[in-house]
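Heads up, the thing below is written out as structure tokens.
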Amino acid sequence: MAGAVIASAEAAPGRTNRSATLSSRLAELAVTAAAAEVGRSRSRPSVARPGRAGGAGGPGGPGTGRDRRAGAPQGCAPAWYKCAVIDLTRLPEVSRLIDLALTEDLGRGDVTSASVLDGDGGQVSASLVARGELVVFGLDVARAVFERVDPRHAVTALLADGAVAAAGAVIARVDGPAVPILAAERTALNFLQRLSGVATQSRRFAQAVAGTSCRVVDTRKTTPGWRALEKAAVRAGGCHNHRADLGSGVLIKDNHVAACGGVALAVTRARARAPHSLRIQVEVDSMAQLAEAIEARADLVLLDNMSVDEVEEAARTAHAAGIQVEVSGGVTLERAALYARAGADFISVGALTHSARAVDIALDFA
């Protein structure tokens, strides 16, 4: 943050003194908050962390272990999701992202709050409210933002990550001094709105293939730096994850095939050279390439930009050879349902992350 203050001062010399004053004031607030936290008794209300029992990463769900003592949120998330959830804020890349976001927004302080409020603004209670129906995700990250700005903040989740919030529903409550709540508000909402938007989009696609054995999976088309968060949001909405990164699996795409000299040769080389624990998947765009993939013993085939009728024929052929089928390429909600009924085992949808719209969530003071 100090670097940001210096850079701003150099760009606008006339504001040097004011920026320094604001920075000092925020620093004083931080010192006061830290001192208050050290002297705080153990009676401080615990933060409700839905989907875990007995600590971060443990199995269980709302109403068990630690959640029972803290007052479990009432929203319902899928049972399988509750068992798989972890505290994402413990991941180094997520912690760095939170720091970056706060530095971006608070590098020169909050001039408005410093101008109109005295001290820390006094104790207030605020609500995070859904303005429309959405799937909640990102509560741990929002909580971390508020607590990073001021450890006196107490964030109580009223709905669980993965739960569907109706329009007007209160997702969480934030209690603490007004000035640091206002300082953290935009950053916390940016995370919560974006991640809940991904989870909401995921739910739509999961519903589109409901009643079939097909799984909708995400891609690596994620916001730079946000991959762990966005892929977790996809899971919360009901869809599934594809590769986390280039080292997670062998996926031979069209450019690999072109550079190597053919589908069969690419699969044969991957079979000989890749770690034995990884499955070999190859992209094909014709029945001739599918025949090559089957002959070379690929584990999965990726059918790119094929029609529904072509997918049905290719899936029938691949399944007869014991090979699973993934479909990709401009998949919409309507086409997802058609591909699922045509025999696709997986449908990869980049739109789960790259085209998800942020949902409307507001922070309202009581």
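Distance between the 7 Å Cα→Cβ label points at GLN324 and ALA291: 2.7 nm. Around the amide H of THR212, modelled in the peptide plane, lies no amide H under 5 Å away from a residue 5 or more places distant or on another chain.
log10 I(q)/I(0), Debye, Cα-only region 240-348, no solvent, q = 0.10, 0.13, 0.21, 0.24 Å⁻¹? Relative scattering, expressed as log10 I(q)/I(0), comes to -0.26, -0.44, -1.12, -1.39. Provide the FRET efficiency to the nearest 0.05 for the GLU334-ALA362 pair, computing r from the beta carbons and using R0 = 25 Å. That gives a FRET efficiency of 0.20. Take the Cα of VAL116, step 7 Å toward its Cβ, do the same at ASP309, and the gap between the two points is 6.3 nm. Of the residues VAL111, VAL250, the one with the fewest other Cβ atoms within 10 Å heads the list, and the complete ranking is VAL111, VAL250. For the pair ARG96 and GLN207, the difference between a 0.36 nm per residue extended length and the Cα-Cα distance amounts to 36.6 nm.
Throughout, read-outs are computed from the coordinates displayed, never taken from laboratory work. Fair warning: this is a prediction, and the values are worked out from it, not measured in the lab. Positions of Cβ are generated from backbone atoms using ideal geometry, with glycine treated the same way; all protein chains shown enter the neighbour counts.
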